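To keep things clear, I will list the structure first and then write my remarks on it.
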Amino acid sequence: MGLRGRRVSRQSLQRSVSRGLMVEKIYGSYSQAELDHEYDMRARCPHFAETFAAMEVHNRRVAELYEARLDVPYGDRELERLDIWPGNGGAPVLLFIHGGYWRSFDKKAFRFVAERFVEAGASVVLSNYDLCPHVSMDVIIEQNRQALKWIYQNADGFGGDPGRIHVTGHSAGGHLTAMLLATNWAEYGLPLDVISSAAPLSGLFDLEPLRRSYLNADLRMSAKTARRNSPIQNLPDRMPPTVVAVGGGETAEFRRQSRIYTTACRDTGLQVSYLEIGCHDHMNVVLEFRNRRSPLTAMLFAEMGL
């Protein structure tokens, strides 16, 4: 077919789509618009802005009421910073990694996560990292590995136990949690079991649909980049107690992401729990960290010995 013929075909396709006669599928059963809608949390969670605004009073309180060391550097880059709530010596450490599709948000918007755990005697650390498109996915993953290395090496200095580091994260933070699980920590001079337990919440474990979505304008992933940085393509040889959690009211794609990661882990003999939390959507599920009776929080409390 000549160039003119290809142009006619494309125009015909566009007319067919506009008439609802045919929609090109670009990932699984999804058209471009459908796939974008699955991952558009501002559209799918109409209370998006209100949820974050409501948490500001809690963010301020946990930073002011409890002893906190804010913006502690773990590297040389401007955003390589940690917020740390120290323990009283030998306390279990919880690392929380924020989400935002690797391109937005800051740890300070999630300080509310720390309160229940600090009340119970844990040391809590929130991490920041650089964002796309200013850096690549590879850089972000490496920054989070360096953050965990810093926490292990400095835990004694903020009243934490380097032998009891627990990791959780929401959304993109769930992805980064899984990539920390996949890390060969011997290459960083750390024990292989440096992570005592993990709880990726609403994580993204297969980056290919993200690469095909509107998000890739900022993420700038190639097919190779997506494979290299997808947890489902980088399963660990060993795993600490891990629960893969997702809101029961999240989009089909977010629930699928957690299910396929759980299945892939189990198929290789890794012991992983799967948890759907009520009817929570992608934004209000992260508020479960403020609820001691939540099955997610209860699981973390149990693993941390709180």
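General remarks:
- Put simply, the chain fits an ellipsoid with semi-axes of 36, 20, 18 Å; these come from the alpha carbon gyration tensor as the roots of five times its eigenvalues, largest first.
- Annotation for the range 183-209 versus the range 146-176: alpha-carbon center distance of 11 Å.
- In Å, descending, principal axis extents of the Cα set of the range 76-228: 46, 33, 28
- Coarse-grained scattering of the range 248-306 at q = 0.15, 0.27, 0.29 Å⁻¹, given as base-10 log I(q)/I(0) from a Debye sum over alpha-carbon atoms: -0.53, -1.10, -1.13
- Judged by the ratio a/c of the largest to the smallest principal axis of the C-alpha gyration tensor, the range 165-285 counts as oblate, that ratio being 1.5 or greater while a/b is no larger than b/c.
- Within the accessible area of the chain, the carbon and sulfur atoms contribute 47%, probe 1.4 Å, all protein chains present.
- A convex hull fitted around the alpha carbon atoms of the range 104-194 yields 101 Å³ per residue.
- Rounded to 10°, Cα long-axis angle of helix 295-304 versus longest principal axis of the chain: 40
- C-alpha center-to-center spacing [the range 229-295, the range 57-84] in angstrom: 27
- Of the beta bridges in the chain, as assigned by DSSP with both residues counted there, near 25 percent are antiparallel.
- Accessible area (Å², per residue) of the range 76-139, counting only protein heavy atoms and a probe of 1.4 Å: 31
- Computed on the chain, with alpha-carbon pairs under 8 angstrom and 6+ residues apart, the relative contact order is 16 percent.
- Heavy atoms of the protein chains alone define the surface here; on that basis the range 157-306 has 37 Å² accessible area per residue at 1.4 Å probe size.
- Taking the C-alpha atoms only, the angle from helix 137-154 to the longest principal axis of the chain is near 10 degrees.
The values are calculated or read from the model by the stated rules, or taken from the named source; none is laboratory data. All of these numbers come straight from a predicted model, not from anything done at the bench. For accessibility, only protein heavy atoms count, side chains too; no ligands or nucleic acids. Shrake-Rupley method; radii C 1.70, N 1.55, O 1.52, S 1.80 Å.
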